[in-house]
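This report concerns only the one structure given below.
The values are calculated or read from the model by the stated rules, or taken from the named source; none is laboratory data. This one's a predicted model, so the numbers in the text were calculated from it and none came from an experiment. Quick reminder, even Gly has a Cβ in these numbers, built from the backbone with ideal geometry, and neighbours come from all protein chains shown. Surface accessibility is based on the protein's heavy atoms, side chains included, excluding ligands, DNA and RNA. Shrake-Rupley method; radii C 1.70, N 1.55, O 1.52, S 1.80 Å.
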Amino acid sequence: MSRNVITIDADASVIDAIKTMLSHHISGLPVVDRDGALIGLLSDGDFVRRVEVGTEKRRGRWLAMLAGTSQVALDFARQHGRKVSQIMSPNPITIEEDTPLEQVVQLMESHGVTRFPVMRDKKLVGMVTRTDFMTAIASLRLDLSSSGNDDQIGASVIAALAHAPWRPAALNVSVRDGVVSLRGNIRSDNARKAATVAVENVAGVKRVDDQLVKIIYPPPEDDYGGGDFVSLEEEPSTEDDQPL
């Protein structure tokens, strides 16, 4: 998470909020009251529907009736408001410092939000955004080098595919100098992509030679990948193509 949190006062003007966000290159601002307590969240999405740029919602009589007077009034206030308190999203969803990442992702997906204030004893101590996930991934060194020989790489490839529901049927794997050749049947382009990705993530693999064949039977509604996993010992082999 980001610990150096920039906040905005609820009584600040919309223009001041925009200037703060642009100058600090951020897309969201926690909103605090005079005591520093978190009371809302302002994001770049709050400026999409604004009267200044002619993008405010325009409803006809019937649509306004369906939306209800309360919603129409709220939309007007948020699209014309001059103060942060008038356009912010109140009562934002927050997380604690020890909230597991998986739960953070689930909350982002279920609520359709991109950032969460991080709290400690009801005090704002940080912000987590989707950008933080990108930063974390970029900071990792994905070192897939391996001192293993081709036989060991082949065994690891088999293990990587063995329990996947989309695994190729009649799978045959051969490895030469770190180049993995995949033969077998798959039932969708997504299954092909998943198989290739799984193999590329095996340590020691330099390249994947995709020789998988797409089949169209059974029907797409029964598509779970490649079907039953056929023991490689049952596959025909050549001297350079040893089933593993």
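From the residues in the range 104-115 that are of a type in the set (A, V, I, L, M) and in a helix (DSSP H, G or I), which one is surrounded by the fewest Cβ atoms within 10 Å (Cβ to Cβ)?
V105
Residue by residue through the range 58-68, note down the ones that are surrounded by 13 or more Cβ atoms within 10 Å (Cβ to Cβ) and outside any helix (DSSP H, G or I).
R59
So in the range 87-103, with the set limited to residues that are in contact with a helix residue (DSSP H, G or I) (Cβ under 9 Å, 6 or more places away or on another chain) and not in a loop (DSSP other than H, G, I, E, B), which one is most open to solvent (accessible area, probe 1.4 Å)?
Across the range 87-103, the extreme among qualifying residues is L101.
Under 9 Å between Cβ atoms, at least 6 apart or on separate chains: pull out the pairs that start in the range 135-164 with a residue that is at pLDDT 75 or above and end on any residue that is part of a loop (DSSP other than H, G, I, E, B) and loosely packed, with under 10 Cβ neighbours inside 10 Å.
Going by the 9 Å Cβ cut-off, the qualifying pairs are D150/D177.
Within the range 21-57, which residues are farther than 26 Å from V72 by Cα and either open to solvent by 60 Å² or more (accessible area, probe 1.4 Å) or in contact with a His (Cβ under 7 Å, 6 or more places away or on another chain) (or both)?
Matches in the range 21-57: L22, S23, H24, H25, R34, D35.
Take A155 and tell me if it is over 30 Å from D33 (Cα atoms) and open to solvent by 40 Å² or more (accessible area, probe 1.4 Å).
yes
Inspect the range 180-191 for any residue being among the acidic types (D, E), surrounded by fewer than 16 Cβ atoms within 10 Å (Cβ to Cβ) and assigned to a helix (DSSP H, G or I) and give the result as yes or no.
Among the residues of the range 180-191, at least one is among the acidic types (D, E), surrounded by fewer than 16 Cβ atoms within 10 Å (Cβ to Cβ) and assigned to a helix (DSSP H, G or I), which makes the answer yes.
Among all residue pairs at least 6 apart or on different chains, which show Cβ distances below 7 Å where the first residue, located in the range 195-221, is hydroxyl-bearing (S, T, Y) and at pLDDT 90 or above and the second is outside any loop (DSSP other than H, G, I, E, B) and surrounded by 14 or more Cβ atoms within 10 Å (Cβ to Cβ)?
Final answer for the pair search is T196/V208; T196/D210.
With under 29 Å from M1 (Cα atoms), without any contact (Cβ under 8 Å) to a residue 12 or more places away in the chain and not aromatic (F, W, Y) as the only criterion, which of V128, V104, V48, V118 stands out?
V48
Within the range 158-175, how many residues turn out to be over 19 Å from A203 (Cβ atoms), in contact with a Leu (Cβ under 6 Å, 6 or more places away or on another chain) and open to solvent by less than 40 Å² (accessible area, probe 1.4 Å)?
Within the range 158-175, residues that are over 19 Å from A203 (Cβ atoms), in contact with a Leu (Cβ under 6 Å, 6 or more places away or on another chain) and open to solvent by less than 40 Å² (accessible area, probe 1.4 Å) number 1.
Go through the range 69-86 and give me each residue that's part of a loop (DSSP other than H, G, I, E, B) and either at pLDDT below 85 or open to solvent by 70 Å² or more (accessible area, probe 1.4 Å) (or both).
R82 - this is the single residue of the range 69-86 that is part of a loop (DSSP other than H, G, I, E, B) and either at pLDDT below 85 or open to solvent by 70 Å² or more (accessible area, probe 1.4 Å) (or both).
How many residues does the range 192-214 contain that are out of contact with any strand residue (DSSP E or B) (no Cβ under 6 Å at 6 or more places or on another chain), surrounded by 15 or more Cβ atoms within 10 Å (Cβ to Cβ), of a type in the set (A, V, I, L, M) and under 17 Å from Q152 (Cβ atoms)?
Adding up the residues that qualify gives 2.
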